[in-house]
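Values in this text are rule-based calculations from the coordinates and carry no lab data. Not measured: the values here are computed from a predicted model. All Cβ positions, glycine included, derive from the backbone under ideal geometry; neighbour counts span all protein chains shown.
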Amino acid sequence: RCECSDGFSLDSATGRCVNSENSCDCGPFGLCLRNNSCWCRSGYTDVGGRCVDIDECSGSRQPCHRLADCINTAGSYRCECPANYDGDGYNFCDLNECKLGSDACASNARCINTLGSYRCECPDGYIGDGKICIKGNNPCLFNNGGCGSVALCTWDNQQVTCQCPAGYSGNGLQCYDINECMEGTHNCDRDHAICTNNPGSFYCMCKRGYMGDGVKCRDIDECATGKSNCHPDARCSNTDGAFNCACKPGYRGDGVATCDDVGDCRAKSLCDSNARCVYTPQGYTCECNPGYQGNGYDACRDINECAQGTHQCVEHAECRNTPGSYACQCGAGFVGDGRKFCNDINECLDPKSCSGKQLTVCVNLHGGFSCPCAPGAQLKGGRCEDINECDSPALNKCHASATCTKHAGQLHLRLSERLHRRWHQLSRRRRVPQRHGQLRQKRSVRQHPGRFDCRCSAGLLGNGTTCDDVDECDKKKPRNQCHKLATCINKNPGYACVCPPGFDGTGFFCAKRNPCSTPGLCSSNATCVFDGTNTRCICKSGYVGNGRICVADNSCTAGTHTCDVATSTCVSRKPIGFDCECKPGFHKEGNLCVDNDECDPASPYFRPGVCGDPLMAKCANSPGGFNCLCTALAIKSGIRCIPLDVCKRGGAEAGCSTHANCEYLSPGHRCVCKPGFVGDGKTCTDIDECTDGTDACYGGATCRNTVGGYRCECPKGLVQAADPRTCVDFDECTNDPYICGNYSRCVNTRGGYQCECVLGWTWNANTKRCEDVDECKTGTHPCHSLAECTNTPGSCTCRCRPGYNGDGVYFCELNQNCPPPKSALCPAGTICRDRGNSTYDCRCPADQLDKGVESCASGVCVHFCQKVDPCWTRAPRCSPFAKCQTVNGEARCVCLDGFTGNGVVCDDVNECAGPNQCNTSISSCRNLDNRVHRLNYTCDCVSGYENVLGTYRCVNINECDRGATCQANAKCVDTPGSYQCECNQGFRPVGPRGCVDIDECSENADDCNRGTADCVNLVGSFACRCKLGLEMLNRTHCQDIDECASPGVCGPEQTCHNTFASYACSCPVGFTVNGVYCVDVDECSRNGSCHPTALCNNTRGGYQCYCPRGQQMSLTGACEHINQCSERADACPAGALCVDNTTTGYACACP
């Protein structure tokens, strides 16, 4: 039944609760309240007196992730990520590169999508980073196992070893080339070779003038080899590493370019044909050539060095006389020049030696060689045959559990050919050094005899000569492939896997034995079902029984029962009949099934708290059950009502003011006014801090109220300081150096500035400029009374009137000089002036100071004169930007620093055109008019810097102290020439100065225990919200709620069992859970309840096994036939025969 709240009544026509006092129609999604307004369900809003759906997707603030599509639904919305994206759409949408196929994984690798990226994994049996997968398990196959690029990587099936090769040093992870040349570890010829470093090695090269392999270098005899550049008429003499050229006797020159003949003795033809002409101081003489003897003039006979024993042939060489000399030829088996050396020929280095003789080794002899059998071969019938060590007990060293494998022989020719060429080159050029002589003793094998290997059998470890058993069943280091249910049995060698009893298989795979294959286990009218653990016999449709015995159903299926199908279920009684069993939510009262009222406290079936908190839910009874009606503060979760976080849907829906924050409570919420506002949260009024005096403005700042706050404003002439609550002075003079115009100086004052004009100029307040002062009109000129004043810009000039002489400033006198006779009476350098009355003065000149009359004689008075600086008395009219200097007794005008000119006219110097003190990286030079500014030039700072008043320095502006603003959730950080806005914790930069909230939940940047809590993003942070069935333990973890501690969680007959994050309701033995009720279990429908020969009768909470008529139950539960004839002596009348019958029991028959 429906019960309406106070003020509402039930409309019998519609079955809805309507306002008793008002008649508004809010539609199916709202209720009409007493104030004639509509209360709308969540997801709906009041529009014109009706509750209509809110289109959450049309607002400016999209509720979905920026990549998701928002789809409006009735009373709600849903968010869907686009194709090839994963995510819930609400918190995140991540591009699935694996679905899109944009990954870079190898073709045989597995692509695994991750948040914001993906990773590649190679399959089993491969190694690599997923982008490259190489078959095998040797880490050295990929990326050199992590070793250095030149390191040697080795893998012993357990760990990787990195080792730097020869010529490198390091730990294997990093290898560095050893500079043998720099460290002196090379073996180059120290005196005659140059060492050159190579990666991992070095190279030796003989210096110019030397030859060899660099390890050993010998001098090149340029004279003997013909490599000298001596003149044909010069003699070459070899030196260490070089040679000298000297002209022959009878010639002069440098021996290289020139050798000039100084006399031709050959023209005399006096010498023997085997002699030579030699110049002497007296002329010439004839000398027999080397190898000849005689006087040189008429007979020079050959000398036989071989016969005389004066030859220099070495051992193993034969001497042969030649005209004028002799020749040395090495004997057979030797090679060389015969004079210096005869080296033994190593015939074994020649591949043709011992050719055709397989499995032989060439042994070099002094002057010859031999070809015996190689090791591992033996001579049979004049041939060398390979020995099979595996067949020889004496030579087979393999373990008894190892297998011996013989390998065929291999040819080795390349090394012999190379050594042969090298020996041939060396032995023909020089005597072979000792280290090369050792090569002569080496043997050259034409073909190696076959080798043999020993390999341990499977299950054994060792090198083949020793083999030890491996315990594959060792639990610490298992090496077997047995099934998890099987038992591993170690053997020597190998192992065996045995399945446990009741299971079939090879041991590498074990499966439980299927009992359904046993004949007669179930009735012929039943189906055997084996689920891998249990076996059940289920009667087929139309049959009832325990599965072992199934008989035709003759009760409920026939439709002859009288049960109320709306409240009960017909249950067949065994063997016949039926019972009406109440459905869940009903109970027996007599023969009727009556509804259980779970919502009425007076009912014995009342379930308190079944719907949750009574403030959030109302229980409504219904036939056979109940419904939980949630209030506006809750939502449905299963059958219960849990608190609704209305703050998630926005503060406006929660009834909060736009100037308030919505805070979630469990249950409910509250509205709290934001800073700068006051009220109950539903209504928030702005606080006027300027009126109530709570502002913090000072230092000349004026408070101006704003919505939710206030700001401090500065008057003209002041600017906001780093502390936005106060003001500092604005330096107008620095900001605009020309603000006062020409001929002025700007003086900064707090809140303003003053303009001071230079001498000769005055300030005009109307024009705000300096104007020239007319000293002649104002009477401020320095002119003499007998002089005329002429005004000039910034100054004036004084000139004596006509008929007067003087400087116009200090004196102007009549032009009355003394007559010549009197003038001669004045001292040199003075000027004679007529005073009248026949008296005269000798006056001082303009460049001297008149100290008064010194003496008078004959009417002539001589004044005492003292020389003074002419700049004091006769200073020229210098430029205002020049100074007077005395040069050689004369006054001259010299322009001041920063000006150029003749001193009368001085123009400003452009200092920016030459060297200046401006820092070009942060400023630029700008020339100033020195007539106005006390600085010759200024350095205009770039943005972010300001000039230090009165200097040429630019210093960084701290914009943060000057009131630089960043958007909300950021702080100002000063940088050279600018500033940055660093986002607060929980925010990231966006745009030039903005910050946006980081959604820690969608980016997995939270520390919530995702197993027990859900992450909820907050502005600048996040919160962990417990999942259903859990409560908060600490900030990041939740703990289980024991629902069983609250009454009424399970049904009246059920037992509550608490589980993690939930609970379970169980029934007593013989009953099963059906909703909130316990329903009887029909054990007779299960196979195996009774013996196959017995009948089963289901009872409430149990069952009974009984035998058919004429049978009795044995101790094993089986039904056995009763022989009535033997059991009852009086079964038949006297004289009758008792005949036992297994169908009817027995029969009496007359004889």
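Give me, ordered by chain and number, the residues 5 or more places off Ala660 or on other chains with an amide H under 5 Å from its own placed amide H.
Distant-sequence amide H within range of Ala660: Lys674.
Using a 10 Å cut-off around each Cβ, can you sort Thr1116, Thr780 from fewest to most neighbouring Cβ atoms? Provide the component values of the computation, followed by the final result.
Numbers: Thr1116 8, Thr780 12.
Lowest to highest Cβ neighbour count: Thr1116, Thr780.
Viscosity 0.890 mPa s, temperature 25 °C: what is the translational diffusion coefficient of region 609-704 from Stokes-Einstein with a Kirkwood Rh over Cα pairs, rounded to a whole number of µm²/s?
Working: Rh = 16.2 Å.
Using the Kirkwood radius from Cα pairs, D works out to 151 µm²/s.
Per residue, what volume in Å³ does the Cα convex hull of region 998-1039 take up?
Details: hull volume 2.4 nm³, N = 42.
Measuring per residue, one finds 57 Å³ for the Cα hull of region 998-1039.
Enumerate the lysines that Lys682 could reach by cross-link, defined here as Cα to Cα under 23 Å, with residues fewer than 8 away along the same chain left out.
Lys648, Lys674
So for region 998-1039, averaging the separation of alpha carbon pairs under 8 Å that are six or more residues apart and normalising by length, what relative contact order in percent results?
Values: 68 pairs, mean separation 15.0, N = 42.
36 percent.
Non-local amide H neighbours of Asn1074 (under 5 Å, H modeled in plane, Pro and chain starts lacking H): which ones?
Residues meeting the amide H criterion: Val1079.
Take the alpha carbon atoms of region 69-122, find their radius of gyration, then divide it by 2.2 N^0.38 Å using N residues; give the quotient. Walk me through the numbers on the way to the answer.
Values: Rg = 14.4 Å, N = 54, 2.2 N^0.38 = 10.0 Å.
In units of the 2.2 N^0.38 Å rule of thumb, it is 1.43.
Could you pull the Cα extents of region 149-240 along its three principal axes, largest to smallest, in whole Å?
78, 22, 16
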